[in-house]
Amino acid sequence: MREDEVAECYGAHADELVRFAASLVGSSDADDVVSAAVLGVLRTRTERVDDLRAYLYRSVLNAARKHWRTLDRRARREAIRYDEAVETADPRPEIAAALARLSPQQRAVIHLTYWEDLTPSTVAARLGIGEGTVRRQLARARSKLSEVLDDH
């Protein structure tokens, strides 16, 4: 994998990678997470990557996980607000609170399924996980969202 290939792929998909990161960590940290992910890819001396776009998505997800590990639970709940997490016309704070309770992988699956309108097989390819894992994470996320939102 050459630096120019990474730069070309990043240039073609930068906006969607930032939106994806924003759905995981909030818009204020999305650029930093994407930058860390791309730098990590550039530092990696992998000879061949079959799907560089999917590799970048997995790298962003991993960078987001690392970002979350550096925050404690209280700071995480306070840091993410719905208007930072996703671009949508529904600014209800209870949705922000519900999304904040999901794991980074569950938020990633929700974002790619509903905001990017991708199929489970495409989500699986982007995140480098099995399709069954996507379906399980989606079901768990829906259940948790339903539980939290039904309380409001």
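Points worth noting:
- Between G40, G26, the distinction of being at pLDDT 90 or above, touching a helix residue (DSSP H, G or I) at 6+ places or on another chain (Cβ under 8 Å), among the small types (G, A, S) and surrounded by 14 or more Cβ atoms within 10 Å (Cβ to Cβ) belongs to G40 only.
- Of the helices (runs of 4 or more DSSP H) lying entirely inside segment 1-70, the ones with 3 or more residues being more than 19 Å from S103 (Cβ to Cβ), touching a Phe, Trp or Tyr at 6+ places or on another chain (Cβ under 9 Å) and in contact (Cβ under 8 Å) with a residue 24 or more places away in the chain are found at 3-25, 27-43.
- Output for segment 91-121, where each listed residue is small (G, A, S), buried (at least 19 other Cβ atoms within 10 Å of the Cβ) and either out of contact with any Phe, Trp or Tyr (no Cβ under 9 Å at 6 or more places or on another chain) or in contact (Cβ under 8 Å) with a residue 40 or more places away in the chain (or both): A98, A108
- Within segment 28-52, the set of residues being in contact with an Asp or Glu (Cβ under 9 Å, 6 or more places away or on another chain) and closer than 15 Å to Y10 by Cα comprises A30, L42, V49, L52.
- Annotation: A85 fulfils all but one of (1) surrounded by 19 or more Cβ atoms within 10 Å (Cβ to Cβ); (2) under 18 Å from K144 (Cβ atoms); (3) at pLDDT 85 or above; (4) small (G, A, S); the unmet one is (3).
- Considering only residues in segment 111-128 that are within 13 Å of the chain's Cα centre (by Cα) and outside any helix (DSSP H, G or I), the one that is farthest from L56 (Cα to Cα) turns out to be E116.
The values are calculated or read from the model by the stated rules, or taken from the named source; none is laboratory data. The structure presented is a predicted model; accordingly, all values stated were derived computationally and were not measured. Cβ sites come from the backbone with ideal geometry, for glycine too, and all protein chains shown count toward neighbours.
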